[in-house]
Structures are given as structure tokens and as C-alpha cells.
Amino acid sequence: VYKSISTDEHNSINLIYHDEFAEKMIDSNTDEELKLAQDKIKKLEERLDDLECRIPKKYETVKFLNYQVRKRILVTGGAGFVGSHLVDYLMKQGHEVVVADNFFTGSKKNVRHWIGHPNFELIQHDIVNPLYIEIDQIYHLASPASPIHYMYNPVKTIKTNTLGTINMLGLARRVGAKILIASTSEVYGDPDPSHHPQSESYWGHVNPIGPRACYDEGKRVAETLSYAYAKQEKVDVRVARIFNTYGPRMHMNDGRVVGNFILQALKKEAITVYGDGKHTRSFQYVSDLVDGMVMLMDSNYTQPVNLGNPQEHTIQEFAEIIKEFLNVKSEIQHLNGVEDDPQRRKPDISRAKKVLDWEPKVSLKKGLQLTIDYFRTELETQQLDVEHLDAL
Ligand SMILES: O=C(O)[C@H]1O[C@H](OP(=O)(O)OP(=O)(O)OC[C@H]2O[C@@H](n3ccc(=O)[nH]c3=O)[C@H](O)[C@@H]2O)[C@H](O)[C@@H](O)[C@@H]1O
């Protein structure tokens, strides 16, 4: 067929062929150039970070503690949302803080204000591998916590919460450190209505093969391991069952309800409620959680303790609260419900009140204002970054 067509036709076929080829070449060249440019930018950013660390910085004031009271404290997941707030607290108290983070969901940015400080150390380390350091206390927070993050790689989530916890309990045993395990309200699964609010004596209702199981069962095993090490190896353990927590430094793509609703409202987009919106959650501000964790670590109490804010809202109500707070008219859009989504969740905090004299102090109004301010700044920074890239 090719031989039978005219020279003109040959030329036009060749032209078409060349045009398509050229387009493909341009596409692939552009892709490659873009990738090269992105790699270069990443390397430059890393270099800038390194250089920045060398410039004498102004740090927030930290207390002076003499060596008898100053502790060397490891925070696994210390570059994450909750971890970085805990790090701020411990640093300001005058302790030496070592952060171990693999930066899967954590970010250097959350702790960069301490980089270079003589009391601070940042190690890029995945706790699935053992860590050999000298330490007095361990806050073991490393694990993705947002459902979209922990479901992204369920096997890794299980490894982090089982192997990772074994490694941290092993470290605690070797060096005689006290260890606090960050457990979760998810150990109660989708609670039976007769166990509302959930107290620590409830054994839970977890689907062991459902999509949330990697996290829920991972944390349940982490608790089991903690008490096995306590009994068999005399490790001094604390277990905090953390309920829904929000605040600045939540990941922009966190996917959890507080961040999602605030971002959607700020961008004047529809607010996405999964299912009918009748399910409930109780939201605690991050500084209350940090206070609770430190009080638990410093106490002599070794059984699990719920840390959460008992003010319960339906998700529909919560969407309305955010709309009203930001004074926006965003539509509330009902999407498909989530599999195994716990229907009602509210902590019974009588144990924390009794044994720690702890209860949350920050109102939803104050906590939301601080969180919204953070997200607003993040959005503006992103916008500036985009404009800057466009201008290049
Ligand atoms: O925030 C937390 O601290 C907890 O978050 C998750 O648990 P979950 O309560 O399911 O958290 P969200 O993803 O924030 O969901 C809360 C509720 O809002 C709903 N939701 C979420 C996001 C959204 O855009 N729309 C929406 O209706 C969810 O279906 C769920 O019913 C984690 O599994 C817990 O380990 C973690 O402790």
C-alpha cells in the first residue's frame, strides 16, 4: 500500500508522522526537563536547609535544667503534627530532645525552628529498624494517623505499629527508659452503643479484616506488646488512648475532617460529609493532648488512659459550625459513607481526671481560630509558591 501511493501523499504522510513525532519529542523533552528542574530545585532546597542551619538562629527561650533533672527524651514521629507540638513543649521545659522520623507524613518544616539548637537532634530514621541511642524517656508516636495515610500502605502501617513498637520497647528495656505509647480511640473500633461514651474498660469492636484494621489492630498489638514487655521485662510503660485531635501543623492533605472542612470552606468549595452526617466525633485541641501526655508520662499510672475532649458533635453539625465560623455559604455535599466508619465516638475521661487531674482546657472556638489561622497562612504560602513558579 505504501508503494502504491503518490509522492505528494508520501510527503504528507511523512509530515504527519514527523509532526506527531515532534510533538511526542517535545512532550517527552518537556517532561524530562520538568523532572530535571524539579530535581534541581529539590537539591537546592536541601542545600538551602543545610546552609540555613549554619546561620545563628534566634530560638524560643528554653528553661535551664541542671543535669539531675534534665532528661534526654526521644520522640518518634517528632516531626509530625502531634509530635512536633510535644517537641516544642519538651524543648521549652529545658530537656534534650531527639526526634526520629522517616518523614512519611512528618515534615522537617514542623521542627526546623529547633534545628541547630544544642538541646535538639533530628534523625531521619524509620523505627521499623532498631535504633541504638542512650535515652531516659521515649514518646513513641511514629505512625501515620489519618485514615487515608494509614490505608495507603496497610502493610507498612502494621509493620510500624508492631515491629516499630517492638524496637522502641526493646530500646526502653536496654537503656532502662520509661516509654509512652501513643495508642488511639480506634482500639474501640465502631463502639457498641451500650459503651457510649467509651471508657478504658471497654474491649472494643474492631473488624480485624476491614480497611481500618491495619491501624486499629496495629495499635491494639502495640498495647499488648507494651504490657507484655512491662510484665516480662519490667519496662515502665504508659499508654495514651488519643481521641480525635486537631490544630496547626495538620497536614494540608491530611484528609481528616477538621482539615478538610476548614480548607473547603476557606476555598469556598462544597463541604464533603461522608454518609448522612449523623455519626459523631469529639475534637480535642493539640495543646490539651500534649499536656495530657506529659502528665501521664510523669505519673505513676500504668494502665491505659483516654485523652480527648468529651464535647461531642455530629459531623453534619460540625460542617455547619465551620461554615458559620468562616461565614461562608459553601454547600454541604453528602458523599458515600466510609466502610467501618465508627458511628459514635466520645471519650469518657473520668480516669484522666482522677489519676492525672487532667481535663481539656481549650474551647472549640479558640482551637478552631488557631487552626484556621494556620491553614489560611499555609494556603497563602502555597499561592505565593505557585505565582513564583508561574513567573519563572
Ligand atoms: O483525628 C484523629 O485523631 C483520628 O482520626 C482518624 O479517625 P476518624 O475519626 O475517622 O477521623 P476523620 O477522618 O477525621 O473522620 C471523622 C469523621 O468525619 C467524616 N469525614 C471525614 C472527612 C470528610 O471530608 N468528611 C467527613 O464526613 C468521617 O467519615 C468520620 O466519620 C484516625 O483513624 C484516628 O486514629 C485518629 O486518632
**OP:** Return yes when residue 290 is assigned to a strand (DSSP E or B), crowded, with 18+ Cβ neighbours inside 10 Å and in contact with a His (Cβ under 8 Å, 6 or more places away or on another chain) and no when it is not.
**Re:** no
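Looking at 120, 81 in this structure, which one is within 16 Å of the ligand (Cβ to nearest atom) and not β-branched (Val, Ile, Thr)? Give the derivation first.
Numbers: 120 fails: within 16 Å of the ligand (Cβ to nearest atom).
Just a single option satisfies the conditions, and that option is 81.
Would you check which residues across the range 269-284 are within 6 Å of the ligand (Cβ to nearest atom) and among the aromatic types (Phe, Trp, Tyr) and list them? Outline the logic, then answer.
So the first thing to find is which residues in the range 269-284 are within 6 Å of the ligand (Cβ to nearest atom), and the list is 272-274, 279, 281.
Across the range 269-284, the qualifying residue is only 274.
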Original post:
Within the range 203-225, is even one residue out of contact with any Pro (no Cβ under 9 Å at 6 or more places or on another chain), surrounded by fewer than 20 Cβ atoms within 10 Å (Cβ to Cβ), farther than 21 Å from residue 86 by Cα and of a type in the set (Phe, Trp, Tyr)?
Top reply: yes
Original post:
What tally of residues in the range 106-124 results from selecting those that are surrounded by 15 or more Cβ atoms within 10 Å (Cβ to Cβ) and closer than 16 Å to residue 81 by Cα?
Top reply: 9
**OP:** Would you point out the residue of the range 251-268, among those that are within 17 Å of the chain's Cα centre (by Cα) and more than 9 Å from the ligand (Cβ to nearest atom), that is nearest to residue 105 (Cα to Cα)?
**Re:** 251
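Filter the range 298-347 down to the residues that are in a helix (DSSP H, G or I) and surrounded by fewer than 14 Cβ atoms within 10 Å (Cβ to Cβ) and list them by number. Don't jump to the end; show me each part of the working.
Step one: of the range 298-347, the residues in a helix (DSSP H, G or I) are 298, 315-326.
Scanning the range 298-347 gives 298, 317, 324.
Against the condition within 17 Å of the chain's Cα centre (by Cα), near the ligand (Cβ under 10 Å from one of its atoms) and either over 21 Å from residue 192 (Cβ atoms) or in contact (Cβ under 8 Å) with a residue 24 or more places away in the chain (or both), how does residue 337 come out, does it pass?
Working: within 17 Å of the chain's Cα centre (by Cα): no; near the ligand (Cβ under 10 Å from one of its atoms): yes; either over 21 Å from residue 192 (Cβ atoms) or in contact (Cβ under 8 Å) with a residue 24 or more places away in the chain (or both): yes.
Here the answer is no, as residue 337 does not meet what is asked.
With the structure loaded, tell me whether residue 219 is within 15 Å of the ligand (Cβ to nearest atom), more than 30 Å from residue 325 (Cβ to Cβ) and either part of a strand (DSSP E or B) or of a type in the set (Lys, Arg) (or both) or whether it fails that test.
Working: within 15 Å of the ligand (Cβ to nearest atom): yes; more than 30 Å from residue 325 (Cβ to Cβ): yes; either part of a strand (DSSP E or B) or of a type in the set (Lys, Arg) (or both): yes.
For residue 219, the condition - within 15 Å of the ligand (Cβ to nearest atom), more than 30 Å from residue 325 (Cβ to Cβ) and either part of a strand (DSSP E or B) or of a type in the set (Lys, Arg) (or both) - is met.
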**OP:** Report yes if some residue within the range 151-166 is surrounded by fewer than 16 Cβ atoms within 10 Å (Cβ to Cβ), basic (Lys, Arg), away from the ligand (no atom under 16 Å from the Cβ) and under 30 Å from residue 72 (Cβ atoms); otherwise report no.
**Re:** no
**OP:** Could you check, for the range 305-315, whether at least one of its residues is within 10 Å of the ligand (Cβ to nearest atom), free of Cβ contacts under 8 Å to residues at least 60 places away in the same chain and either in contact with a Lys or Arg (Cβ under 6 Å, 6 or more places away or on another chain) or closer than 20 Å to residue 205 by Cβ (or both)?
**Re:** yes
Subject >> Candidate set: the range 253-262, residues that are out of contact with any helix residue (DSSP H, G or I) (no Cβ under 6 Å at 6 or more places or on another chain) and among the aliphatic types (A, V, I, L, M); chosen: the one farthest from residue 325 (Cα to Cα) >> reply: 257
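Throughout, read-outs are computed from the coordinates displayed, never taken from laboratory work. All values derive from a computational prediction rather than experimental measurement. Heads up, the Cβs are rebuilt from the backbone with ideal geometry, glycines too, and the neighbour counts pull from every protein chain shown.
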